[in-house]
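Peer 1: The structure that follows is given in the form of structure tokens.
Throughout, read-outs are computed from the coordinates displayed, never taken from laboratory work. Small disclaimer: the values here were computed from a predicted structure and weren't measured. Neighbour counts are summed over all protein chains in view; Cβ atoms, including those assigned to glycine, are modelled from backbone coordinates with ideal geometry.
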Amino acid sequence: MRNRKLSTLELFAIMMLLPHILRPQVIPHAEIMNGNLQTVKKQTWNIFGKVTNLRGDPLRDAAVRVDIGYGTTFIRNLTTNAQGEFRTEYNLDTSTSTSLAVKLEVEREGYAAAQAYTDFGVSDKTWEIDIAMLPDAQGEFQLPIRSLIQELAPKLRAALASDATIASARKDFEQGASDFLDRHDAAKAVPSLTKLAKHYLSCGHCRTFLGLALLDAGSWNDAAREFAEAGKIAEAGGSNDDKGRSFLIAAEMENWKGEYAKAAGFLMKAITIDSNDAFVIQELGRTLIFQQNWEAAEQSLSQALAAGAPKEALMLRAEALLEEGDPEAADTAMKRYLADSDLKNSPMPVRKLAAQIDEHMKLRTYAKVQSVVSQPLPDLVKAVPELAGLDPASSQEELPAVLHSAGENVGAFFTNFQNTTSLEQIVEERLSKDGKVKGSLDQKFRYLLLTRPLEQGLGLQEFRTDLQGKQSTPGGLGDGLMLTSGFASASLLFHPAYQSGASFKYLGRQSVKGHPCFVVAFAQKPETARMVERFDTNLSSSRRADF
């Protein structure tokens, strides 16, 4: 067969087709189908989004699984960048794929698994998919998501089951409700409940029920949107029950984000609707604990128990009573909470609270010991030579301002502290009665001081390694040498969160190494102190004492 040269007209036709072939969105190409040469158009879909925590801070190194449901070749595994972002794209045959729906599954260490389901429909455009992740372990006294679902979902299910207006989507409702509450598979329930909510956009119960399923499935942002829409419907003409439920959900969402003032505001609105709702009153008590308003929290929790709140309110009340300085009443509440159950099998927050109550009960005998705060100033000056040159205070008027300023400085220190590393040398000596060195120990370490994550509480963490980088600890205890650690966090006594655990006395002013200083004496109160230190000996027992 001879080669044939293309005519000028044919070349011109090919040149006219090139711009269409190079379009970035729809790309036609030839494929043989049923023995015939056919043109197939492919469209590029961009899938992108961002992963954050509940406060909106980006989460890097989160594993994102993208599934558009067309088989294993259409699953992508991505990792978020430093800004918490991810991005990929798909080329789909427009003759068979006229719409796009995306399922995202996100995992990251320290956080509960999250997911999102986005239906882009027949649009040729996509938009950013934002995913918020909850901490794997919520705060010690936070309400578990499952508890909120158990409180609200069965009531909503019963209401929807008797609602004749959703007859045309009854099958979707029943399937979704069964998957959600009976089989405990919220992810499987979401598509059915989504169809129900889309079919009845003005059904507040439908949207709240869907929101709870989304929340249980790990779709925080999607759940928040459904709850917001349900709240608008309730406000526009819903019953008091609908409005109260909406306020309760809004409060818990704010509590999980750490916005306790906003949560308290929503709960107060819910209480104005029904002042005898035991669960709402209990949640107000919980929120007041987060705000460290101990007296108001204890009163609210007592009211909740009187209204029939579950025994969890007893545990919360025990915490409030302990912080109020009444360990005896806290001990009574904790024993009522535990009843015949074994403390060893209780959740960690319960065991920790029980241990704190036990420690304070042991420290009651020290409550009457005379401290530096109660001693007359002349006796204190004699006992502490370093107070020579003190200009005594005539009153305690300046004490609140001094404590406020010190508290702000300490708070800023722990908020802004940068991780540090240094070379540490520890020299320990044991002296005989005549003052001569009887034994000594010289050790060198690489010392690391790290800020403690916010969810774990305030403070700093110390780590030591030997010079080769292997984690180590100072020795010498077996030889009768005293060891100390943790003093980098000693100033926490003046932090606003801990000042209620100590008594303070303003002694006056004094110049120390040329610097004018306020002199304040302090002593922790065993009945309210929240920081307890432990002293260990080389014996089999150990003693704990207030620090």
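Peer 1: With a point put 7 Å past each Cα toward its Cβ, work out how far Ala307 is from Thr88 in nm, to one decimal.
Peer 2: For the pair Ala307/Thr88, the computed spacing is 4.8 nm.
Peer 1: So what's the convex hull volume per residue for the Cα atoms of the range 209-307, in Å³? Spell out each step's value before the answer.
Peer 2: Working: hull volume 9.0 nm³, N = 99.
That works out to 91 Å³ per residue.
Peer 1: Then there's this: How high is the FRET efficiency between Met361 and Ala164 when r is their beta carbon distance and R₀ equals 41 Å, given to the nearest 0.05? Write out the running numbers ahead of the final one.
Peer 2: On the way: r = 59 Å, r/R0 = 1.43.
Computed FRET efficiency for Met361 and Ala164 comes out at 0.10.
Peer 1: Starting from the Cα-Cα distance between Asn345 and Ile75, subtract it from 0.36 nm times their residue separation and give me the gain in nm to one decimal.
Peer 2: Values: separation 270, 0.36 × 270 = 97.20 nm, distance 4.16 nm.
Gain on extension, Asn345 to Ile75, equals 93.0 nm.
Peer 1: Take every Cα-Cα pair in the range 145-362 and report what % of them are more than 28 Å apart. Working shown, then result.
Peer 2: Values: 8665 of 23653 pairs.
Taking all Cα-Cα pairs of the range 145-362, the fraction more than 28 Å apart is 37 percent.
Peer 1: Turning to a different aspect of this structure: Using a cut-off of 15 Å between beta-carbons, work out the net charge of the residues near Ser422 (Lys and Arg +1, Asp and Glu -1, Ser422 not included). If you can, show how the numbers build up before the last one.
Peer 2: Numbers: positive: Lys444, Arg446, Arg464; negative: Glu424, Glu462, Asp466.
Around Ser422, the surrounding residues sum to 0.
Peer 1: Grab the beta carbon distance between Ala296 and Thr451, set R0 = 30 Å, and tell me the FRET efficiency rounded to 0.05.
Peer 2: Here the calculated transfer efficiency is 0.45.
Peer 1: On a straight-distance basis, which aspartates and glutamates could pair with Lys344 in a cross-link, Cα separation under 20 angstrom, same-chain partners fewer than 8 positions away excluded?
Peer 2: Glu140, Glu312, Glu319, Asp331, Asp358, Glu359
Peer 1: Among the listed pairs Lys362/Lys525; Lys262/Lys311; Lys382/Lys505, which are separated by more than 24 Å between their Cα atoms? Could you put the intermediate results ahead of the total?
Peer 2: Working: Lys362/Lys525 13 Å; Lys262/Lys311 26 Å; Lys382/Lys505 17 Å.
Beyond 24 Å between Cα atoms: Lys262/Lys311.
Peer 1: Kirkwood Rh over Cα pairs of the range 238-370 into Stokes-Einstein at 37 °C, 0.692 mPa s: D in µm²/s?
Peer 2: Diffusion coefficient, whole number: 211 µm²/s.
Peer 1: Hey, how many Å between the Cα centroid of the range 243-314 and the Cα centroid of the range 488-520?
Peer 2: So the two Cα centres are separated by 36 Å.
Peer 1: Run the simple label-point estimate for Ala63 and Ala401 please: 7 Å along Cα→C-beta, distance reported in nm.
Peer 2: 5.8
Peer 1: Place the peptides 126-136, 381-391 in order of packing, highest mean first, counting for every residue the other Cβ atoms within 10 Å and averaging per peptide.
Peer 2: Details: 126-136: 17.5, 381-391: 12.5.
Final packing ranking: 126-136, 381-391.
Peer 1: In nm, give the distance between the simple-model label positions of Lys125 and Thr420, each being 7 Å from the Cα along the Cα-to-Cβ direction.
Peer 2: 5.3
Peer 1: Follow-up question, since we're still on this one. Sort Cys203, Cys517 so the one with the fewest other Cβ atoms within 10 Å of its own Cβ comes first. The partial results should precede the final answer.
Peer 2: On the way: Cys203 20, Cys517 12.
If I rank by nearby Cβ atoms, fewest first, I get Cys517, Cys203.
Peer 1: In terms of Cα to Cα distance under 22 Å, which lysines are near enough to Lys42, apart from those fewer than 8 places away along the same chain?
Peer 2: Lys103, Lys125
Peer 1: Explain nothing, just the number: dipole magnitude of the range 145-362 about its Cα centre with +1 on each Lys and Arg Cβ and -1 on each Asp and Glu Cβ, in debye rounded to the nearest 20.
Peer 2: 760
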